[in-house]
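Nothing in this text is a laboratory measurement; each read-out follows from the coordinates by a stated rule. This structure is a prediction, so every number in the text was calculated from the model and none was measured. Every residue, glycine as well, gets a Cβ built from its backbone with ideal geometry; the counts of neighbours run over all protein chains shown.
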Amino acid sequence: MIYIAVSIDLFSDGLLIGAGSAVSPSVAIILAAGQVLADVPEGFATIATMKDKGIPRSKRILLSASFAIPVLSAAVFAYFVLRNQPEAFKLAALTFTAGFSRSLPSKIWSPRLTRAVTIRTSHRWLS
């Protein structure tokens, strides 16, 4: 379940970066840098959850590497869809994806993920 949730979140991040790259390469770089910083805690929580579930290290590494697929595919898709569109359409798509990628994870995935990681790490540190 956590793999699917993180993949959906990363897909929306990819849409945001792809929409930004259609607007300007500098916008895409800024958005990608911001997403890297925002996804570090998410990555830690994902790896910790997988470790607690008993998933072997080699499989965790493989699954973590596969997280590049939703980001890159969504970014390429958004770029090619938006690259020849009018500037107003590009900016509207960027605004929509920014709002979508910030509201969906925070309202649906983050509370569950935070609760699961807090319970698991608290138990680990207390025992």
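Just to be sure I follow: if Rg is taken over the C-alpha atoms of region 1-48 and Rh is the Kirkwood radius over the same atoms, what is Rg/Rh?
1.05
Sorting check: for 14-26, 55-67, 81-93, which peptide has the highest mean count of neighbouring beta carbons within 10 Å, and how do the rest follow?
Details: 14-26: 22.2, 55-67: 12.4, 81-93: 14.0.
In decreasing order of mean packing, 14-26, 55-67, 81-93 become 14-26, 81-93, 55-67.
Given a Förster distance of 30 Å, report the FRET efficiency between residue 92 and residue 29 from their Cβ-Cβ distance, rounded to the nearest 0.05.
Calculated transfer efficiency: 0.90.
Taking R0 as 30 Å, what's the FRET efficiency between residue 77 and residue 53 from their Cβ-Cβ distance, rounded to 0.05?
On the way: r = 31 Å, r/R0 = 1.03.
For residue 77 and residue 53, the calculated efficiency is 0.45.
State the three equivalent ellipsoid semi-axes of region 1-101, derived from the C-alpha gyration tensor as the square roots of 5 times its eigenvalues, in descending order and whole Å. Display every interim value, and only then the final one.
Details: eigenvalues 174, 27, 22 Å².
Square roots of five times the eigenvalues give 29, 12, 11 Å.
Given a Förster distance of 22 Å, report the FRET efficiency between residue 61 and residue 36 from their Cβ-Cβ distance, rounded to the nearest 0.05.
0.75
Under 13 Å from a point 7 Å along the Cα-to-Cβ line of residue 85: which residues of region 7-34 have their amide N that close?
Only 15-24 pass the distance filter.
Do me a favour and compute the ellipsoid semi-axes for region 34-90 from its Cα gyration tensor, root of five times each eigenvalue, largest one first, whole Å.
33, 13, 6
Can you list the aspartates and glutamates whose alpha carbon is less than 16 Å from that of residue 51, not counting same-chain residues fewer than 8 positions off?
42
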